[in-house]
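The values are calculated or read from the model by the stated rules, or taken from the named source; none is laboratory data. This structure is a prediction, so every number in the text was calculated from the model and none was measured. All Cβ positions, even for glycine, are placed from backbone atoms using ideal geometry, and neighbour counts span all protein chains on display. Calculation scope for accessible area: heavy atoms of the full protein, side chains included, ligands and nucleic acids excluded. Shrake-Rupley method; radii C 1.70, N 1.55, O 1.52, S 1.80 Å.
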Amino acid sequence: MKKIQMVDLKGQYSKIKDEVDSSVLEVLDSTAYINGPKVHEFQKNLESYLGVKHVIPCANGTDALQIAMMGLGLKPGDEVITADFTFAATVEVIALLQLTPVLVDVDPVNFNIDIDAIKKAITPKTKAIVPVHLFGMCANMEAIMQIAKEHDLFVIEDNAQAIGSTYTYSNGEKAKAGTIGHVASTSFFPSKNLGCYGDGGAIFTNDDDLAHTIKGIVNHGMYERYHHDVVGVNSRLDSIQAAILNIKLKRLDTYNKARQNAARAYNKAFKEQANIITPTGQDVCNGICDNCDCHVFHQYTLRIINSDRDALVKHLNDKGIPCGVYYPIPLHRQKAYLDERYNEADFKVTNQLVKEVISLPMHTELDDEQIEFITSTVINFINS
Ligand SMILES: *Cc1c(COP(=O)(O)O)cnc(C)c1O
């Protein structure tokens, strides 16, 4: 059996090596390292893949979030509601811009921001909601956009984990994750579903004025050469990364299908296990029906109930199976983000999830033998 890895970047690269290498060499030879034609090409390719009017490439997913918030003109003291159960980047940029983060609980089924918790957290100071499409599954965007409309709020989608996933509205219409809110951010960190070989990120929007504002912000607030109209940042996707992303974007749907196939095999193996809750997608299809892309499985995350999650982690590691706990500590209990207004009773789900979740190896190169070994090792431990 091939050695099991959490993410197999080498296996994936070996299949596209010739194409990637020659495209990277082309950039080296062209010397167009910054804002070269490959970056423009990737921007256009991603716009057409997503069906969004504007993609603005930038240096990483954290910058993308920050720049999106700067572009919306949010002001110090404005309250921004986001999920307690996510990667820290989301809350970090809110705090960094001196906006006030308001963390709220998540839904126990899809792990995404809880709709009732958003409603409860809205005050006259609330200006924006940041849903995170956690682990590759779209948040309930229809309900979130409805709340935003009623309260005149911006919606910033943190799409770092769900690129390529498709959200289906209750009337059957579909839209790609990251094209539904006023603006969205994504990350091309190597292990993300669309990863480059270094750092990278992008902002998406359908709003022409906002796109114009953001294009200036990423370039030192400059709209005309050496005229600095607003305070900006320096945040660029470099041409070498864009060259790699052009090649991987063509395969994104195939890559996401491979992840969904692995998830389907995992779910099937765990189906009869009373102490394991498998991930579920957009209520109707569980995320893994044959013709649905609502979940692109950035992570495959189980809830382990009535059993010792931490002992399972140790057991799997002893057997040579890497795994992860995303995320072990809720953001509202992180030192940097403590706030006396928070009440533990309002974070029941997150407080429970951090004790139960475990993410199994998930990537495009998993084979049946590996999945069989992983699932039987988990099941044997749980029932021992
Ligand atoms: C990875 C990630 C980010 C940050 O992306 P970087 O490119 O590492 O800055 C932000 N939000 C979420 C949910 C992520 O998973």
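The figures follow:
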{"item": "Residues of segment 141-163 classified as more than 16 Å from the ligand (Cβ to nearest atom), part of a loop (DSSP other than H, G, I, E, B) and not charged (D, E, K, R), total", "result": "1"}
{"item": "Lone qualifier among ALA184, ALA243, ALA258 - being closer than 25 Å to ASP107 by Cα and either in contact with a Cys (Cβ under 8 Å, 6 or more places away or on another chain) or among the small types (Gly, Ala, Ser) (or both)", "result": "ALA184"}
{"item": "Any hit, segment 36-56, residues being aromatic (Phe, Trp, Tyr), surrounded by fewer than 15 Cβ atoms within 10 Å (Cβ to Cβ) and away from the ligand (no atom under 16 Å from the Cβ)", "result": "no"}
{"item": "In segment 96-110, residue nearest to HIS298 (Cα to Cα) [restricted to those that are touching a residue at least 40 places away in the same chain (Cβ under 8 Å) and open to solvent by 40 Å² or more (accessible area, probe 1.4 Å)]", "result": "VAL109"}
{"item": "Residues satisfying the stated conditions in segment 185-203, i.e. among the hydrophobic types (A, V, I, L, M, F, W, C), within 11 Å of the ligand (Cβ to nearest atom) and in a strand (DSSP E or B)", "result": "ALA202"}
{"item": "GLY71 within 16 Å of the ligand (Cβ to nearest atom) and either in the same structural domain as ILE329 (by TED's automatic domain parsing) or surrounded by 20 or more Cβ atoms within 10 Å (Cβ to Cβ) (or both)", "result": "no"}
{"item": "Answer from GLU356, GLU369 - the residue that is of a type in the set (Asp, Glu), assigned by TED's automatic domain parsing to the domain that holds GLN273 and open to solvent by less than 20 Å² (accessible area, probe 1.4 Å)", "result": "GLU356"}
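Conditions (1) away from the ligand (no atom under 15 Å from the Cβ); (2) touching a strand residue (DSSP E or B) at 6+ places or on another chain (Cβ under 6 Å), marked per residue:
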{"position": "GLU79", "(1), (2)": "yes, yes"}
{"position": "ALA89", "(1), (2)": "no, no"}
{"position": "GLN98", "(1), (2)": "yes, no"}
{"position": "VAL106", "(1), (2)": "no, yes"}
{"position": "VAL109", "(1), (2)": "yes, no"}
{"position": "ALA121", "(1), (2)": "yes, yes"}
{"position": "LYS127", "(1), (2)": "yes, no"}
{"position": "VAL130", "(1), (2)": "no, yes"}
